[in-house]
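This report concerns only the one structure given below.
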Amino acid sequence: GCGCRSRQDLLLLSPGTPPASSPFGSLWPLPQSLRVSPERFRLAPDQFQIVHGPGSSAGSSCSLLEDAFRRYYEYMFGYSKWQNRDGKKSLCETELSLLQVIITSKDSECDKFPSITSDEAYHLQVSKPTSVLKADKVWGVLRGLETFSQLLYEDDCGSYFVHESVISDFPRFAYRGILLDTSRHFLPLKIIQTNLDAMAFNKFNVLHWHIVDDPSFPYQSTTFPELNAQGAFTPKHVYTPTDVHNIIEYARLRGIRVIPEFDTPGHTQSWRKDILTPCYSGKHPSGSYGPINPILNATYDFMMKLFEEVGNVFPDDYIHLGGDEVDFSCWSSNPDVTEFMKKKGFGFWYSKLESYYVEKILEIVTSLNKKSIIWQEVFDDGAKLQPDTIVEVWKKFLYQLELARVTKQGHQAILAAPWYLDLISYGEDWKSYYGVEPLNFMGSKSQKELVLGGEACLWGEYVDGTNLTPRLWPRASAVGERLWSSKNVTDISDASKRLTQHRCRMLRRGIAAQPLFVGYCTTLEQ
Amino acid sequence: MVAFRYHASSAAQPGCSVLDEAFQRYRDLLFSSSWWQPPERTRKQHAPEKSSLVILVSTPGCNELPSLESGENYTLTINDDHCFLLSETVWGALRGLETFSQLVWRSPEGTFFINKTEIEDFPRFPHRGLLLDTSRHYLPLTSILDTLDVMAYNKFNVFHWHLVDDSSFPYDSFTFPELTRKGSYDPATHIYTAQDVKEVIEYARLRGIRVLAEFDTPGHTLSWGPGAPGLLTPCYSGSHPTGTFGPVNPILNSTYEFMSAFFLEVSSVFPDFYLHLGGDEVDFTCWKSNPDIQSFMKKQGFGNDFKQLESFYVQTLLNIVSAYDKGYVVWQEVFDNKVKVRPDTIIQVWREETPVRYTKEMELITGAGFRALLSAPWYLNHIAYGPDWREVYMVEPLDFKGSPQQKALVIGGEACMWGEYVDSTNLAPRLWPRAGAVAERLWSSELVTSVDFAFKRLTRFRCELLRRGVQAQPLSVGYCEQEFEET
């Protein structure tokens, strides 16, 4: 028959019983509005399809959606808790057999790249025998498919169910990012892809690719091939144009933007020596080099050509220009720089030299029809930003004041400061990430609208492919909900229940997300 | 270099499973991989070719188990005339094989080399352990077996298996199957069957690793409750039971009958001479609340001193276990609470600052004539940002006030990986290479203290671990020739 004698009946209450469930099941992040009814519908893999619905402006030619339909079908039914499913024909009648996906606007943006203005809203009606997922753009469909896949659950006998529901959802913040650092340690392509999958499971939509830095330059430039030839750890520790293209497309199919960061003028030890400032010891060069040399025309020719390439390779409107932690000691040791400072009337204010450099780079990037993101020092040190330059706030101390300052000046901001996930500690630190309220600073309503979102940063000093995934997930999930869900979703105990289940689901989908606390998942972990 | 072979005069000969299997393992490690780390320095010179490493073990003992008293000495001689590993026991030979595998390197052309070498080696401490907690999170058998492999690479020789605790009871007991059925997270999937346990013990034995099983009582026993009604103390609020339970009930005869039967099983399943009986963090609140226990306390004349009740339980348990011809290791509270224990009890020091700083605790324990194991500064589950392996490395176990005889009572230590936040998703990177710092501190001479020197070697060793398929995390910025790729 169709009844299921629960294994729970046989087990009785054991201390290992999973914690009581949330009324919102295992949804993560929590949608803006949802109504769930106790009525549930049975599904079966062999009698379920995701299809383009009537009136949709997208169809089978939309490869992004075709790929998503296949992926989500697999996520829903391919990772069963029950290892020996064998796709047996279901014995029981199914009630829900179709999910129709309908793009409700004329331009689905199917073949476009996501951007800061992309519409990720969706409406999901779960009824029988047909459920309907509506969105104006493919980005909303991707978010909606993820949510639908989270509504699905298996009972103890291996039958699938969803509850009757109506969900209207959209992100609170448009910029929800993860920073990965591929300079301190090279990250194999597969690891980046796995984490893009995890990002999609958590509705993150920006990969901030901090691709080069002091220790290594793995980016293979076609304009300047000597950069990776000299700067990569080894010839194998390189991202070829094909690799980069692969990541960008992999991300696009998941509605994720890829914003590259070429951090200058500091953090450039791995770059070509002739554009770095030679440091001096007294009257003689010491042999070491400092930040990019801001006084040479050749520097700006180089940067123009490099960013022209970068702008072509990376389709996103934005490029992250870095600008953090510039150490002035090398500049101040160099006599040519000293002379330049004098000529420009900068006095001893090396921050003015830094601003001079950054302003020129900002102009270069604007001339290439791209927009910039910079770390907060660039703003703090007084550079004149472009009107659409985004300031990334990363310094922890009094970051709320910084957000106030940045937005007061009319600049858009993204918040990273409380979300440095590389700073590990013992215990449930996800709770502190969850408890951050990005708009908790003194400012007007219009100021607060300038906060576009935020990023969880996983700097790479102590992180590589061996420990990245467990270190990032599910801790970053806490940030994901904070940036997507409504401001008043703050109940940590409910979050804990949902996140525990969400973590088990990520495990089932091949993400080695580490445990939140004592317990277990009902499928054998790895 | 093609093979390993037994010397004609070796007490161990083909058929010695410990070494036969080790030869196979090390052959695979050395010769099957296609990529290698280049050595620090290469001097291109004519290198005489060697065909095999000859192993001579002077005392038989191939089918035995390693013990606390086992010798692990070896000498390794590689020169123009000889390629020779000499040890007293098979366990020493295992240690020597591991060292040998760390000396061999392969040129880009594919030729294997080893430098002229003269090594005399032996461990500073005989008990060099790693604790895994399979109660807070179940660890699949493969995780445990993989960990044993890496322990062998690091010359760890004790696997302290903290099998059960409050959270779950995954040990499949044949005497009390209800314990497992009702106490495990999932009795179909999250248990260690008798077969699993046998497999772990033999896998460990083949690597010269002892399995020290811990069944922690009277505290840390909530998961025992559902499968053994009446075992745990019912807590009271006033004159009514609250429905919750506390530590094992020390006043009932049935408790000791249960423990007798249970530890009879445990003693037979786990062949090492020692069992770990726990005894840590006994919360007296529940005992205090229980009226039957209050009466008992009065009757026994314990007054309000629940440490005496704890003593009463622990002493009875120790007598039970001694009767099974087992020695035991206990956590420091047993000593701190003045339980009367046998003189050959081993006390494990885990608390960093209470009741005293751990160095003082070592002084007190050894001053009282007991052997001690150090774990307090080596709680690897306590993660923090940065190269915390350095603090781990810089611990000097004998850095306390005491006579040489006292210090001789420190038999070693254990790195602990408690499981509250750890399961198979993050166990390996969290353990390695950080636990390697403990391994060296327990094996190598006390004069080996340069953190910079250790950093150079541990960084390279970490890349070698990667090559061997271990998911060891990085120590700092950098790279390995072959990075870890998920399979």
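The C-alpha atoms of chain B define a longest principal axis, and helix B:291-300 lies at about 90 degrees to it. Here segment B:390-445 and segment A:303-324 have alpha carbon centers that stand 48 Å from each other. Whole-Hz Karplus values for segment B:11-16 come out as 5, 8, 9, x, x, 7 Hz, taken residue by residue from phi with 6.51 cos²θ - 1.76 cosθ + 1.60 and θ = phi - 60°; glycine and proline positions read x. Note that segment A:394-408 has calculated 3J(HN,Hα) couplings of 10, 7, 5, 5, 6, 5, 5, 5, 5, 4, 5, 4, 4, 6, 4 Hz, one per residue in order, obtained from phi through the Karplus relation 6.51 cos²θ - 1.76 cosθ + 1.60 (θ = phi - 60°); glycine and proline are x. DSSP beta bridges fully contained in the protein assembly as shown are about 30 percent antiparallel. Note on segment B:171-196 and segment B:291-350: Cα centroid distance 28 Å, given to the nearest whole angstrom. Rounded to whole numbers, the Karplus 3J(HN,Hα) couplings from phi for segment A:260-267 are x, 10, 10, 6, 9, x, x, 6 Hz, using 6.51 cos²θ - 1.76 cosθ + 1.60 with θ = phi - 60°, and x at Gly and Pro. In terms of other Cβ atoms within 10 Å, A:Trp28, B:Trp378 run from fewest to most in the order B:Trp378, A:Trp28.
Ratio to report: Rg/Rh of segment B:344-451, with Cα atoms as the point set and Rh obtained by the Kirkwood method; give two decimals.
On the way: Rg = 14.3 Å, Rh = 14.6 Å.
With Rh from the inverse mean 1/r over Cα pairs, Rg/Rh is 0.98.
Angle of helix B:194-205 to the longest C-alpha principal axis of chain B, folded into 0 to 90 degrees and rounded to 10: 40°. Backbone amide hydrogens, once placed in the peptide plane, bring A:Gly510 within less than 5 Å of nothing, excluding anything fewer than 5 places away on its chain.
Only Cα pairs under 8 Å and 6+ residues apart enter the sum, and on that basis the relative contact order of chain B stands at 13 percent. Around the amide H of B:Ile411, modelled in the peptide plane, lie the amide H atoms of B:Ala372, all under 5 Å away and 5 or more residues distant in sequence or on another chain.
Beta bridges per DSSP, both residues in segment A:175-509: antiparallel share near 10 percent. In segment B:127-450, the DSSP beta bridges split such that about 10 percent are antiparallel, to the nearest 5.
What is the fewest-to-most order of A:Arg70, B:Arg128, B:Arg95 by other Cβ atoms lying within 10 Å of their Cβ? Walk me through the numbers on the way to the answer.
Details: A:Arg70 11, B:Arg128 27, B:Arg95 24.
Listing A:Arg70, B:Arg128, B:Arg95 from fewest to most nearby Cβ atoms yields A:Arg70, B:Arg95, B:Arg128.
Put a dot 7 Å past the Cα of B:Ala261, heading toward its Cβ, do the same for A:Phe397, and the two dots end up 6.5 nm apart. A cut-off of 5 Å between modelled amide H atoms, ignoring neighbours fewer than 5 places along the same chain, links B:Cys83 with B:Val54.
For the protein assembly as shown, report the translational diffusion coefficient in µm²/s to the nearest whole number, using Stokes-Einstein at 25 °C, 0.890 mPa s, and a Kirkwood Rh over Cα pairs. Display every interim value, and only then the final one.
Working: Rh = 31.8 Å.
Result for D is 77 µm²/s.
Each distinct pair of alpha carbons in chain B adds a 1/r term; the inverse of their mean, the Kirkwood radius, is 24.1 Å.
How far is helix B:17-31 tilted, in degrees, relative to the longest principal axis of the Cα atoms in chain B, given as a value from 0 to 90 rounded to the nearest 10? The answer is roughly 60 degrees.
As a rough footprinting exposure proxy, the listed residues B:His382, B:His137, A:His320 were ranked by other beta carbons within 10 Å of their own, and the order from fewest upward is B:His382, A:His320, B:His137. In chain A, Cα pairs under 8 Å separated by at least six residues give a relative contact order of 16 percent. By the helix-only formula, in which each DSSP H run with n ≥ 4 contributes -39500 (n - 2.57) and the sum is divided by residues, chain B has a 222 nm mean residue ellipticity of -10500 deg cm²/dmol. Once divided by 2.2 N^0.38 Å, the Cα radius of gyration of chain A becomes 1.06.
The numbers here are math on the coordinates, done by the rules we state, and not lab data. All figures in this text were calculated on a predicted structure; none of them were measured in a lab. Cβ sites come from the backbone with ideal geometry, for glycine too, and all protein chains shown count toward neighbours.
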